[in-house]
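The values are calculated or read from the model by the stated rules, or taken from the named source; none is laboratory data. What you are looking at is a predicted structure, and each value in this text was computed from that prediction instead of being measured. Because the Cβ atoms are built from the backbone with ideal geometry, glycine has one as well, and the counts that use them run over all protein chains shown. Calculation scope for accessible area: heavy atoms of the full protein, side chains included, ligands and nucleic acids excluded. Shrake-Rupley method; radii C 1.70, N 1.55, O 1.52, S 1.80 Å.
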Amino acid sequence: MGIVGKLLGGTIGFALGGPLGAIAGAVFGHAFDSSTRDLQEDQIPHFSGLEASQLAFFVGAFSMLAKLTQSDGRVSPEEMDTIEAFAVRDLRLSPEAKSVALNIFRTALESPASFNDFALQFYNHFQGQPHLIEMMVDILLRVSVADGALNATEESLILGAVRIFRMSEQRYQQVRAAYAGTGDVPYQVLGCRPDDSDDMIKQRYRKLVQEYHPDKIASKGLPDEFIQLAHEKFREIQNAYETIKKERTIR
């Protein structure tokens with residue numbers, strides 16, 4: 001069961017502070033309070049560390065996307081369609097989970113917290129998990145270019161998050177290349193250069209395959225609802241290596 005199902009089912013409680021906690025409280029609070037109102041304090045189920053991370057990621061993603069989409073002062077019907085398409089096509093959310101995701105999105109639109117406020121809390125929670133931080137940057141880019149272009153206002157916010165996340169400019173450009181179609185994309189995906197040796201590329205590929213295996217990413221706090229993206233990232237790494245391997249006739 002994904003984190004949304006657990007929360008709506010009342011099988012766990014939540015305790016996130018800060019702006020993400022305020023969003024979670026607004027979205028989940030009533031359902032949680034209703035399901036536990038007859039329980040004593042020591043009977044109320046609580047989060048495990050993994051579940052707290054999953055909630056922080058889920059709420060953080062749709063809260064940051066809300067502020068990113070709102071960066072020009074308004075959210076157009078077309079932009080709202082993009083968010084819904086992301087929830088259904090990319091994440092393959094159930095109708096129930098999609099409803100929760102859009103509720104988080106709309107609640108974040110009205111929040112006084114800024115994009116950077118959400119990004120900073122996300123970083124404080126995941127600073128020891130660089131792969132999940134990179135997944136978040138990937139998500140922000142994916143949704144931003146869904147309408148065919150990454151505009152300057154959106155990228156300015158994303159670059160602000162990159163600085164907050166302490167992600168290198170070089171790695172950001174490598175992640176961005178997969179969406180912008182710039183440079184030698186297969187090499188960028190692997191974080192390599194065309195003049196790197198075959199052995200170096202092999203080593204980098206093996207490291208990434210180990211680090212970005214969907215099961216490993218999930219164990220670090222990626223919600224089940226986002227696991228489809230982990231599989232896509234894993235395939236992207238494999239495809240990039242296969243392309244380079246074929247070009248270089250690497251054995």
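The accessible-area ordering, largest first, of the residues 196, 117 stands as 117, 196, per a 1.4 angstrom probe. Computed on protein heavy atoms with a 1.4 Å probe, the accessible areas place 233, 245, 220 in the order 220, 245, 233, largest first.
Calculated [222 nm] ellipticity per residue, helices only, for the chain: -21500 deg cm²/dmol; basis is -39500 (n - 2.57) per DSSP H run with n ≥ 4, divided by all residues, nearest 500. When a/c reaches 1.5 or more, the comparison of a/b and b/c decides; with that in mind, is region 134-251 rounded, prolate or oblate per its Cα gyration tensor? It comes out oblate by the Cα gyration axes. For residue 145, the accessible surface of its heavy atoms amounts to roughly 40 Å² (probe 1.4 Å, protein chains only, rounded to the nearest 10). Summing Cβ point charges (Lys, Arg +1; Asp, Glu -1) relative to the Cα centre of the chain gives a dipole of roughly 740 debye.
For the chain, the carbon plus sulfur part of the accessible surface works out to 48%, probe radius 1.4 Å. Among 78, 84, the order of accessible area from largest down is 78, 84, computed with a 1.4 Å probe on protein heavy atoms. Rounded to the nearest whole Hz, the Karplus-based 3J(HN,Hα) values (6.51 cos²θ - 1.76 cosθ + 1.60, θ = phi - 60°) of region 71-87 follow the sequence 4, 9, x, 8, 10, 6, x, 5, 5, 5, 4, 5, 5, 5, 5, 4, 5, with x at glycine and proline. The residues of region 100-155 expose on average 39 square angstrom of accessible surface per residue, using a 1.4 Å probe on protein heavy atoms.
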